[in-house]
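The values are calculated or read from the model by the stated rules, or taken from the named source; none is laboratory data. This structure is a prediction, so every number in the text was calculated from the model and none was measured. Virtual Cβ from ideal backbone geometry, glycine too; neighbours counted across all protein chains shown. Remember, those area values only see protein heavy atoms, side chains included, never the ligands or the DNA or RNA. Shrake-Rupley method; radii C 1.70, N 1.55, O 1.52, S 1.80 Å.
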Amino acid sequence: MKLLVVLVAVALLLWLLRSGQERRQARPPAKGAPRPPRTAQPEDMVRCDACGLHLPRSDALATPHGIFCCAEHQRAGRAPRP
Ligand SMILES: [Zn+2]
């Protein structure tokens, strides 16, 4: 009989612990808690006309002569190629 009481007590304890964990996980984040960082929005990729590197459009140098990854390639792209 004693063993049965101990088993029931252990089962009750485990059930309480598990339901407590579920309640903690279901709770929304508290006010003032740091939000998870937003994922970056997808962005168009463009190709450097000098070296062929693919890079995000916002990082590229778009000129009338073409799209380049850096100022050096912009100069190289403008110059006549051998
Ligand atoms: Zn380049």
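Is it fair to say A71 is away from the ligand (no atom under 16 Å from the Cβ) and either open to solvent by less than 90 Å² (accessible area, probe 1.4 Å) or at pLDDT 95 or above (or both)?
Numbers: away from the ligand (no atom under 16 Å from the Cβ): no; either open to solvent by less than 90 Å² (accessible area, probe 1.4 Å) or at pLDDT 95 or above (or both): yes.
No: the conditions fail for A71.
Here are P56, P29, P34, P64: which of them is at pLDDT 80 or above and more than 14 Å from the ligand (Cβ to nearest atom)?
P64
Among the candidates R47, R78, single out the residue that is within 16 Å of the ligand (Cβ to nearest atom), modelled with pLDDT under 75 and surrounded by 12 or more Cβ atoms within 10 Å (Cβ to Cβ).
Numbers: R47 fails: modelled with pLDDT under 75.
Exactly one of R47, R78 is within 16 Å of the ligand (Cβ to nearest atom), modelled with pLDDT under 75 and surrounded by 12 or more Cβ atoms within 10 Å (Cβ to Cβ), namely R78.
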